[in-house]
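This is the structure, below, for whatever I ask next.
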Amino acid sequence: MKLCLNKAHFPVTVLGPGRRIGLWLQGCSIQCPGCMSRDTWQFDEHRAISVEAIVEWCQRIAQDQIDGITISGGEPFDQPEGLSELLDRLDTWRQTLPAPLDLLAYSGYPMARLRQRHAGTLAKLDAVISEPFVESQPTDGKWMGSANQRIVALSALGRERYSGVGESSHAVSTPGVQLHVESGRVWLVGIPQRGELQHLEYRCRENGISLKQASWRA
Ligand code: SF4
């Protein structure tokens with residue numbers, strides 16, 4: 001079984017609790033206006049990689065210093081069979097670890113649709129952050145891009161780590177993005193507040209750096 005993968009990174013500290021692996025799947029049929037990850041929209045078979053190879057990479061990179069895995073995209077549920085197998089294999093691996101590791105997925109689909117069409121896959125997750133990104137509904141809620149989105153705990157571990165996180169008392173008080181540079185490209189991980197991407201471009205220009213391509217531009 002293969003999954004189309006855009007990128008993977010560790011450690012991610014802005015998309016879920018603790019130190020996490022981030023997996024961004026390639027391909028999204030939802031295409032929310034204002035999405036900052038337009039580079040993940042196109043389904044691209046050249047980015048297909050075996051689920052086994054992804055899990056081996058996770059095992060190699062994180063060892064025992066990891067709190068969870070965040071699967072984002074792109075739209076993870078647009079590759080349902082691969083996602084399901086990935087979660088099965090990650091679950092087998094996490095049983096061997098000394099500390100609990102939670103599995104979180106983002107989805108732009110409404111929760112009702114996920115429950116209707118992907119109940120089996122939801123049962124393999126600890127939490128999901130659902131609903132499409134809506135540019136006109138900004139939020140300061142932790143780990144979410146817009147106010148309509150919901151964090152839904154799906155297991156005992158999920159309830160322990162995610163219950164109540166979307167409420168206003170958990171508003172973001174620390175920077176919500178990470179930047180890292182790899183092969184001449186700047187990766188921005190996390191969810192910027194409205195206007196931050198334009199500010200980033202402005203500050204880069206001020207310092208003589210021009211961004212030739214940006215994932216948030218058409
Ligand atoms: S925000 Fe997520 S669901 Fe919406 S277009 Fe972007 S990748 Fe797809």
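Can you name every residue in the range 54-84 that is part of a helix (DSSP H, G or I), of a type outside the set (Phe, Trp, Tyr) and closer than 30 Å to residue 110 by Cα?
54, 55, 58, 76, 78, 80, 81, 82, 83, 84
I'd like to verify a number: residues in the range 97-108 that are modelled with pLDDT of 95 or more and farther than 14 Å from residue 71 by Cα, how many?
From the range 97-108, those modelled with pLDDT of 95 or more are 100-108; that's our starting set.
Retained after the next criterion (residues that are farther than 14 Å from residue 71 by Cα): 100.
Count: 1.
Give me the residue from the range 128-142 that is within 15 Å of the ligand (Cβ to nearest atom) and surrounded by fewer than 15 Cβ atoms within 10 Å (Cβ to Cβ) and, out of that set, nearest to residue 65 (Cα to Cα).
Residue satisfying both the conditions and the ranking: 138.
Could you tell me which residue of the range 72-120 is surrounded by the most Cβ atoms within 10 Å (Cβ to Cβ), considering only residues that are away from the ligand (no atom under 16 Å from the Cβ) and in contact (Cβ under 8 Å) with a residue 40 or more places away in the chain?
86
To continue, here is another question. Read through the list (1) in contact with a strand residue (DSSP E or B) (Cβ under 6 Å, 6 or more places away or on another chain); (2) within 16 Å of the ligand (Cβ to nearest atom); (3) modelled with pLDDT of 95 or more, then give the number of the only condition that residue 125 fails.
Condition (2) is where residue 125 drops out.
Which of the residues spanning the range 51-71 are touching a residue at least 24 places away in the same chain (Cβ under 8 Å) and out of contact with any helix residue (DSSP H, G or I) (no Cβ under 9 Å at 6 or more places or on another chain)?
Answer for the range 51-71, where residues must be touching a residue at least 24 places away in the same chain (Cβ under 8 Å) and out of contact with any helix residue (DSSP H, G or I) (no Cβ under 9 Å at 6 or more places or on another chain): 57, 61, 62, 64, 65, 70.
If I ask for residues that are surrounded by fewer than 19 Cβ atoms within 10 Å (Cβ to Cβ) and either in a loop (DSSP other than H, G, I, E, B) or of a type in the set (Phe, Trp, Tyr) (or both), which ones from the range 143-153 would you list?
Of everything in the range 143-153, those that are surrounded by fewer than 19 Cβ atoms within 10 Å (Cβ to Cβ) and either in a loop (DSSP other than H, G, I, E, B) or of a type in the set (Phe, Trp, Tyr) (or both) turn out to be 147, 148.
Looking only at the range 33-57, filter to residues that are among the hydrophobic types (A, V, I, L, M, F, W, C) and within 15 Å of the ligand (Cβ to nearest atom); which one of those is surrounded by the fewest Cβ atoms within 10 Å (Cβ to Cβ)?
43
Further question on the same structure: Could you grab me the full set of residues in the range 14-32 that are surrounded by 21 or more Cβ atoms within 10 Å (Cβ to Cβ), among the small types (Gly, Ala, Ser) and within 13 Å of the ligand (Cβ to nearest atom)?
Answer for the range 14-32, where residues must be surrounded by 21 or more Cβ atoms within 10 Å (Cβ to Cβ), among the small types (Gly, Ala, Ser) and within 13 Å of the ligand (Cβ to nearest atom): just 27.
The values are calculated or read from the model by the stated rules, or taken from the named source; none is laboratory data. Everything quoted here is computed from the prediction, not taken from an experiment. No Cβ is skipped: glycine too gets one built from the backbone with ideal geometry, and neighbour counts run over all protein chains shown.
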